[in-house]
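See below for the structure under consideration.
The values are calculated or read from the model by the stated rules, or taken from the named source; none is laboratory data. Values in this document were obtained by computation on a predicted structure and should not be read as measured data. When the accessible area is computed, the model is the full protein with side chains, heavy atoms only, and any ligands, DNA or RNA have been set aside. Shrake-Rupley method; radii C 1.70, N 1.55, O 1.52, S 1.80 Å.
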Amino acid sequence: MKKRVKQLSFIAALMCVCLFGTACSSGEGQTYAWPLATCSSGDTVTNTFAQTFADYVSELSGGEMRIQVYTDSTLGTDTELMETCKDGDIPFVVQSPSPQVSYMPELCVFDTPCCYTKIEDVRENLANEELLDEFRKIYLDAGYQLLGITDQNFRVMTMNNEYTDLDSISGQKIRVMENKYHIQYWKAVKANPTPMTFSEVYIGLQQGTIDAQENALTLIVTAKLYEQQKTLIETNAVPDLVTLIVSDAFMNELSEEQQEIIREAAAKAQQDSYVVSDQKAADAREYLEKEGMEIVTPSDGDYEKMKELSQPVWESIRKQCGDKLFDAYIELAEK
């Protein structure tokens, strides 16, 4: 019954959005109001990226193009947003690539662990035009256009045990996303990965269902996970990426001038988001230290050991995304 009510609420919300967009785009001197949806909540890079993009679209169009941002899963789950985005009902979506892997399996390359240690290298390589073109083709073939990729810095681990070396992670029941490559990685480094929805993490830590978790620094602060954890380890296994996508069908209905405004707005918002991401990460780190968390950077030897243990995961990802894309991604990382 609850599921049925949720579905009806989602459909009703979506109908309101579509009607609103239609009403605002009619008549002389029209102002276009399009929905952009995200499941993110709070003062996150995801939400900042979405709103900054919307603001730039309005600014660059002189107010004639307008985007309304809907946060906190107001218009649906990540999966629902992917489906409605493809249809063009909700043309813009900002989300992690993780839920997109079900639609575009090659995107699992983003889950390749331990190939980066600096977020600046991630950003530089994802701006490489040849590699970016490969990703654009993947999205286009699935019915979307990739407008931008930003990040919330790296995903890091928290636990209550003291960290001395990689063996400290052994046996820790760590919450992970429902992602087979993340699960495979944490098993490889001898932890005990447990898939769990993010909304259950705090209670899981409180009740001892899980011992540890992995997330971006900012989410550890906003979800108050520091209240249940003593140690933060900068494992930096994978960058916490955020994508801005748009329906290909929707974009093709726009004029060339409108499309150019959207692309320019996305590029500007992406550059701005890097500054925001770094500042939020620095603020979060400072806040967590004040709250009494010990922040540990593993030794170079530990990083090398994590990379070595990750090789079976690399091979699994290579088989899924193909040699060409995997090699291009890894070769840039290793430079």
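State which entries of Lys118/Lys268; Lys118/Lys319; Lys224/Lys280 exceed 24 angstrom in Cα-Cα distance in the structure shown.
On the way: Lys118/Lys268 22 Å; Lys118/Lys319 26 Å; Lys224/Lys280 15 Å.
Distance filter (> 24 Å) returns Lys118/Lys319.
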Most fluctuating residue of Gln145, Gln207, Gln51 in a GNM of the chain with Cα springs under 10 Å: which is it? Gln207
When the convex hull of the Cα atoms of the range 101-140 is projected onto a plane and the area is averaged over all directions, what value comes out in nm²? 3.0
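When the convex hull of the C-alpha atoms of the range 38-89 is computed, what volume per residue in Å³ does it have? All intermediate terms of the calculation are to be shown ahead of the outcome.
Working: hull volume 4.1 nm³, N = 52.
Once divided by residue count, the hull of the range 38-89 is 78 Å³.
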Hull surface over four for the Cα convex hull of the range 191-235, reported in nm², is 3.2
Which one of Lys187, Lys307, Lys324 has the biggest mean-square fluctuation once the chain is modelled by GNM with Cα springs under 10 Å? Lys324
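For Thr77 and Tyr287, compute 0.36 nm times the residue count separating them, minus their Cα-Cα distance, and round to one decimal in nm. Let's see the in-between values first.
Working: separation 210, 0.36 × 210 = 75.60 nm, distance 3.03 nm.
Gain on extension, Thr77 to Tyr287, equals 72.6 nm.
Report the antiparallel proportion of the DSSP beta bridges in the chain as a percent, rounded to a multiple of 5. Each step should come with its number before you reach the end.
Values: 19 of 36 bridges.
DSSP beta bridges in the chain are roughly 55 percent antiparallel.
Quick one: plug the Kirkwood hydrodynamic radius of the range 148-271 (C-alpha pairs) into Stokes-Einstein at 20 °C, 1.002 mPa s, and report D in µm²/s. Present the calculation step by step, with values, prior to reporting the outcome.
Working: Rh = 16.4 Å.
Rounded to a whole number, D works out at 131 µm²/s.
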Going by amide H atoms built from the backbone, whose H comes under 5 Å of the H on Tyr144, apart from near neighbours? Asp248
For the chain, max minus min Cα coordinate along each principal axis, in Å, sorted largest first? 67, 44, 38
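Report for the range 122-274 the percent antiparallel among DSSP-assigned beta bridges with both residues inside it, nearest 5. Don't skip to the answer; put the middle values down first.
On the way: 15 of 21 bridges.
Roughly 70 percent of the DSSP beta bridges within the range 122-274 come out antiparallel.
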Where in the chain are the helices, taken as whole DSSP H runs, whose Cα atoms extend 27 angstrom or more along the long axis and whose Kyte-Doolittle mean reaches at least 0.5? 2-24
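How much area per residue is accessible in the chain when the probe is 1.4 Å and only protein heavy atoms are counted (Å²)? Write out the running numbers ahead of the final one.
Values: 15490 Å² over 335 residues.
Per-residue value: 46 Å².
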Full-extension gain between Asp43 and Asp141, please, as 0.36 nm times their residue separation minus the C-alpha to C-alpha distance. 32.0 nm
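Report, in cubic angstrom per residue, the convex hull volume of the C-alpha atoms of the range 229-335.
Working: hull volume 19.5 nm³, N = 107.
It comes to 182 Å³ per residue, whole-number rounded.
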Who wins for biggest fluctuation among Val275, Val93, Val221 in a Gaussian network model of the chain, springs between alpha carbons below 10 Å? Val275
